[in-house]
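A.B. asks: The structure that follows is given in the form of structure tokens.
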Amino acid sequence: MTKGYAIFKAYLSDESGATAIEYGLIVGLIGMGIITGMRAFGSSSDGAWQKLSNAVQNGVS
């Protein structure tokens, strides 16, 4: 019984998997923030890109 309890106690105190999960969550949140920021920037700069595209098309033709 003591050996099983010692193994169980060691399992509960092992934090190596928890650290990896925490880092994974942090990376995921940073990625979501970057994607959200890029979508907002893309939406706000859409008009400028359209004007540039029209100017190039008018200049070529």
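Readers should treat all values here as calculations from the given coordinates under stated rules, not as data from a laboratory. Treat the numbers as computed from the prediction; the structure is a model and nothing was measured. Note that each Cβ is placed from the backbone with ideal geometry, even for glycine, and that neighbours are counted across all protein chains shown.
A.B. asks: When you scan the stretch 1-10, do you find a residue that is assigned to a loop (DSSP other than H, G, I, E, B), exposed (fewer than 10 other Cβ atoms within 10 Å of the Cβ) and not hydroxyl-bearing (Ser, Thr, Tyr), even just one? Let's see the steps before the verdict.
C.D. replies: Restricting attention to the stretch 1-10, the residues satisfying the condition of being assigned to a loop (DSSP other than H, G, I, E, B) are 1.
Of the ones still in play, those that are also exposed (fewer than 10 other Cβ atoms within 10 Å of the Cβ) are 1.
Subset that is not hydroxyl-bearing (Ser, Thr, Tyr): 1.
The answer is yes, given that some residue of the stretch 1-10 is assigned to a loop (DSSP other than H, G, I, E, B), exposed (fewer than 10 other Cβ atoms within 10 Å of the Cβ) and not hydroxyl-bearing (Ser, Thr, Tyr).
A.B. asks: To continue, here is another question. Got at least one residue in the stretch 27-40 being over 17 Å from the mean Cα position of the chain (by Cα) and not aromatic (Phe, Trp, Tyr)?
C.D. replies: For the stretch 27-40, residues over 17 Å from the mean Cα position of the chain (by Cα) and not aromatic (Phe, Trp, Tyr): absent.
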